[in-house]
Structure formats: C-alpha cells, structure tokens
Amino acid sequence: MKPQVTQSIYDFFSLENKVAIVTGAGNGIGKATAKMMADLGAIVVACDIETESLAETVADITAKGRTAMAMPCDITVPDQVQTVVERTESVFGTVHILVNNGATMGGGKPVDEVDEKEFDRLIDVNLKGVYHFTYAALPLMRKQQYGKIVSVSSVAAIAGDMTDIHYAAAKGGVIAMSKTLAKELALEKINVNVVAPGLINTRMLHEWEIEPALKRFHRIGEPEDVAAAICFLASDAAGYFSGQVLSPNGGEYML
C-alpha cells in the first residue's frame, strides 16, 4: 500500500490525542479495544475490576510507545467511577471517548433459576455500570461540546436468547438508554452508539455450548472484530452515526 494511502486511512480513522476510557479492559473485547485505540493514537485509561489482567493490558500498550493508565474500578460503585473520571481529567485534561464494555454473564440460567438477587446482579453490572460511567463523563463532554460514547450490548438484546432473561434485559436496556441519550445529546455534538456482538471468542463465551453455532458459521468472532466496530464509532469517520446499533455477529442475526 502506498504511504499516502496509508496516511489517508490513518487520518480518516485516527484517534490521535483523544483521551479514551475503556471499561472491562483487562480481557476480551475491552482489552482488544484498548490496544486498538492506542494503536490509532488514543491516550487510553483502562479500567477493570481485575487488577492483574488490567496491568497486562497497559503494559502491552506502553511497550509499543503509546500512552495508557490503569485505573482499577468496580463499575457498580459510583464513587469509584467518579474517581476514574476525575483522575483522567486531572492527568490528561478531559475525556473524549467512553467505551462502556465492562460486563458479566448470566451463566445460562433458565427463568426459574433467576431469582431477584441474581436479576439485580446483572442489572447492576451490565446496565447500571453503563449509566454510572456515562453520568460521570458527560459533564466533561458537554463542556467541550464533543464526545463519543460507545456501549457494548449483545445480539441477545435484539434477538432474545434461550436462557438468561436478566442478561438480555440488561443488554436491551443499554440499547434503549443509548438511543435516548443520542437524541438528548445530539445538539451538543456527542455521539452515542452501541455494538451488539454475537458469539465472540472471549472468556465469557466458554460458559456456553458453542458447537451448534459452529455448524452455522464458518468461525466464531474474535475480540478484534468487535474492537474494530467500536474504534470506528469512536472516530470522526462515524460523525454522522448516533443512536445506531452495529452488530458484528457473522450473520447470526441481521438487523
């Protein structure tokens, strides 16, 4: 590829000098997203409740000469979330991009095994965690009249699933909340979008039986497949995308 073409592609999708908070950055989609954003020039604030894997993500980024900071955080605790945002502003000046990826799985539970405590657990992490970080980061985005919020939902929120009503409900809430925010924040130049992945080769996937899916698709998705969609939505190339749901799912479900 000619150097000028490479440069044009980079300029179009560049995240150069953008400050990005990525939750759930210790593993899977979050880790792939943090690393890809750094490769595209972003300054990455990586968050996760798992400190060891989080440190590995940041080490991978800084080893390539990019800038990243690890911020351990439980996304269900508003004070911890607020600390991440305040620390990011103190060190890097602002927040341009927020990737709400932190989540947990339901474990394949049928409805009669999902009691109220279990239901609340998934809502607290997968839905309220998105709300907490969005609420904390919005004042900075509003102040600068610029922001990109990308939240990770699931194809289960769109098409339903065989089990885990609490997981589907929480991820469906992410879509509904994001679409509402997209309308509310449109005049403030803040884009709010969602990725809703299908089967992706992460640690969470292995809680499920994937052999039936392998009979329908030529491969399972990789974290980088989702990270690419997230990075696109976080870039100015997607400046006219807001309130949209991109679903990297290999054809499992077609919007």
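One table, with the values for the structure above:
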{"item": "Hits in the stretch 221-245 - residues which are surrounded by fewer than 20 Cβ atoms within 10 Å (Cβ to Cβ), among the aliphatic types (A, V, I, L, M) and more than 11 Å from Val155 (Cβ to Cβ)", "result": "Ala228, Ala237, Ala238"}
{"item": "Residue within the stretch 144-156 that is at pLDDT below 95, assigned to a helix (DSSP H, G or I), in contact with a helix residue (DSSP H, G or I) (Cβ under 7 Å, 6 or more places away or on another chain) and closer than 21 Å to Val111 by Cβ present", "result": "yes"}
{"item": "Condition met for Glu211 (of a type in the set (Asp, Glu), out of contact with any Pro (no Cβ under 6 Å at 6 or more places or on another chain) and either crowded, with 17+ Cβ neighbours inside 10 Å or modelled with pLDDT under 90 (or both))", "result": "yes"}
{"item": "From Thr62, Thr76, Thr67, Thr83, residue being among the polar types (S, T, N, Q) and touching a Gly at 6+ places or on another chain (Cβ under 9 Å)", "result": "Thr76"}
{"item": "Cross-chain or 6+ apart pairs with Cβ under 9 Å, the stretch 239-252 first and under 23 Å from Leu199 (Cα atoms), then among the charged types (D, E, K, R) and surrounded by 19 or more Cβ atoms within 10 Å (Cβ to Cβ)", "result": "Pro248/Asp225; Gly250/Asp225"}
{"item": "Single residue of the stretch 164-203 satisfying the filter (assigned to a loop (DSSP other than H, G, I, E, B) and touching a helix residue (DSSP H, G or I) at 6+ places or on another chain (Cβ under 8 Å)) that is surrounded by the fewest Cβ atoms within 10 Å (Cβ to Cβ)", "result": "Arg203"}
{"item": "Test result for Ala136, at pLDDT below 95, crowded, with 20+ Cβ neighbours inside 10 Å and part of a helix (DSSP H, G or I)", "result": "no"}
{"item": "Yes/no for Lys183 being modelled with pLDDT of 95 or more and at positive phi", "result": "no"}
{"item": "Subset of the stretch 149-163 (residues that are at negative phi and surrounded by fewer than 18 Cβ atoms within 10 Å (Cβ to Cβ))", "result": "Ala159, Asp161, Met162, Thr163"}
{"item": "Residues located in the stretch 148-170, provided they are free of Cβ contacts under 8 Å to residues at least 60 places away in the same chain and within 18 Å of Ala227 (Cα to Cα)", "result": "Ile149, Ser151, Ser154"}
{"item": "Unique match (being closer than 16 Å to Leu98 by Cα and either of a type outside the set (A, V, I, L, M) or at pLDDT 95 or above (or both)) among Asn191, Asn201", "result": "Asn191"}
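The values are calculated or read from the model by the stated rules, or taken from the named source; none is laboratory data. This one's a predicted model, so the numbers in the text were calculated from it and none came from an experiment. No Cβ is skipped: glycine too gets one built from the backbone with ideal geometry, and neighbour counts run over all protein chains shown.
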